[in-house]
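Working notes for the structure below.
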Amino acid sequence: MISSPNEAAGRVIEAFEKLGVDYLLAGSFSSNFYGIPRSTKDADFVAVLGEDVGPLIGELSDDFEFDPQPSFEMVTGTLREKARAKEIPFEIEIFHLSEEAHDQSRFSRRVSVYDELIGREVSLPAPEDVIITKLRWAEIAKRGKDRDDVRDVIAVQGDDALDWDYIHRWTAEHGTRKLLDEIRASIPPID
């Protein structure tokens, strides 16, 4: 029985690993790891899923209720599977890895870290890719929480720890460089 969001995310990771599915845990779980944690009502994954998601649904059916049809996510144009935990008000979104250039780059750069809250090794995007993706969502979907997540990740990681050439390349391509510069300017200097 799942009793927390962290358990829900851990259960999905366990299923991916059992089935040999490559994945990364994105969204607020990744920005919480690199930045300042905040609450969330869902966990976002990116996974290499074939057309037959039946084995994954079967593996998770005791704990989650899946939507019968995949949906099309409008911001990134990605196919996704959606599920709701049966015991708690929490959703799982599993985005199919797309052919989009940054989606491919982000996935190839993923890192394995130990997440104490989930209690296991987890594949996460690199912090630069969290920033790039959150900027895109902030710009396209106008979500303030994504702006805050970008600010928090930059502030916690620090300028010296981030690959700014990589970030600048993708923000120029996505048209989010101006927003990045605004957010960076709002972070007070550390003494």
key: Odd one out for Pro68 among (1) at pLDDT 90 or above; (2) surrounded by fewer than 11 Cβ atoms within 10 Å (Cβ to Cβ); (3) not hydroxyl-bearing (Ser, Thr, Tyr)   = (1)
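If a residue must be in a loop (DSSP other than H, G, I, E, B) and either of a type in the set (D, E, K, R) or in contact (Cβ under 8 Å) with a residue 24 or more places away in the chain (or both), how many such residues does the range 47-80 contain? Spell out how you get there, then give the answer.
Our first condition is that a residue be in a loop (DSSP other than H, G, I, E, B); within the range 47-80, this holds for 48-53, 61-63, 67-70, 74-77.
Still in the running and either of a type in the set (D, E, K, R) or in contact (Cβ under 8 Å) with a residue 24 or more places away in the chain (or both): 48-49, 51-53, 62-63, 67, 70, 75-76.
Number of matching residues: 11.
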note = Subset of the range 131-147, residues free of Cβ contacts under 8 Å to residues at least 60 places away in the same chain and in a helix (DSSP H, G or I), comes to Ile131, Ile132, Leu135, Ala138, Glu139, Gly144, Asp146, Arg147
query = Among the residues of the range 127-142, which ones are β-branched (Val, Ile, Thr) and either within 20 Å of Ser108 (Cα to Cα) or touching an Asp or Glu at 6+ places or on another chain (Cβ under 9 Å) (or both)?
reply = Val130, Ile131, Ile132, Thr133
ask   = What pairs can you find where one residue is in the range 1-21 and surrounded by fewer than 14 Cβ atoms within 10 Å (Cβ to Cβ), the other is of a type in the set (Val, Ile, Thr) and at pLDDT 95 or above, and their Cβ atoms are less than 7 Å apart, with a gap of 6+ or different chains?
value = Ser3/Ile88
Residue in the range 109-130 that is surrounded by the fewest Cβ atoms within 10 Å (Cβ to Cβ), counting only those that are free of Cβ contacts under 8 Å to residues at least 40 places away in the same chain and among the hydrophobic types (A, V, I, L, M, F, W, C) = Val111
key: Selection within the range 106-125 - within 20 Å of Ser39 (Cα to Cα), among the charged types (D, E, K, R) and in a strand (DSSP E or B)   = Asp115, Arg120
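The values are calculated or read from the model by the stated rules, or taken from the named source; none is laboratory data. Nothing here was measured: the structure is a model prediction, and the numbers come from that model. Because the Cβ atoms are built from the backbone with ideal geometry, glycine has one as well, and the counts that use them run over all protein chains shown.
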